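Comments concern the structure below.
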Amino acid sequence: MIEIRHTEEMRMSYDTIYSRDAMPQHWDTFFEWIIELLEPQTGRRLLDVCCGEGQSLRVAPRYGLQAVGVDFSQVAIREAAHNGAGVAWVGDAQRLPCADASFDYVINLGSLEHLEDMAQGVREMARVLKPDGRCCIMVPNTFGYFWTIWYAGLTGEVF
């Protein structure tokens, strides 16, 4: 798969996808599995980098976690708020608007490979993670080639 990354073009593409209710959703059990991998402790803080519509933010409280999310799609963040996902804001994964060592857990699920500077994204996640924190990064995204084919069929564009 070839992907050319241009931040503003990609942001507009994701806004279009989320506007059409076209983004495939995972089952809650997927996010439960990810959170359980972190061995969560009640009362801790979780950051979902590139949270989309915030499904993980709705699941995290089941484990006693305070969850927040960041995504660069304004439409996705609006949907997250509409769907009761809790605290989420528009932001850049390569320049997280968070204090150093402010999260016990950080997740980034299927989005790292879409950043213009993946190394900077990882550095940012490490920066906001507490020294004894845990991070879960999943690459490539779970939709992979099927997503590319599906998106091209839906829009006539190559993503």
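The values are calculated or read from the model by the stated rules, or taken from the named source; none is laboratory data. Nothing here was measured: the structure is a model prediction, and the numbers come from that model. Backbone-built Cβ (ideal geometry, glycine too); neighbour counts: all protein chains shown.
So TRP27 clears everything in (1) modelled with pLDDT under 90; (2) surrounded by 15 or more Cβ atoms within 10 Å (Cβ to Cβ) except one condition, right? Which one?
(2)
Being touching a helix residue (DSSP H, G or I) at 6+ places or on another chain (Cβ under 7 Å) and among the charged types (D, E, K, R) is the filter; apply it to the range 96-126 and report the residue that is modelled with the lowest pLDDT.
So the residue we want is GLU116.
Among the residues that make up the range 66-78, is at least one of them buried (at least 23 other Cβ atoms within 10 Å of the Cβ) and in a helix (DSSP H, G or I)?
Yes, the range 66-78 has at least one match.
Within the range 106-122, can you find the residues that are surrounded by fewer than 15 Cβ atoms within 10 Å (Cβ to Cβ) and of a type in the set (Gly, Ala, Ser)?
ALA119
Does LEU38 fit the bill of being surrounded by fewer than 24 Cβ atoms within 10 Å (Cβ to Cβ) and over 9 Å from the mean Cα position of the chain (by Cα)?
Here the answer is yes, as LEU38 does meet what is asked.
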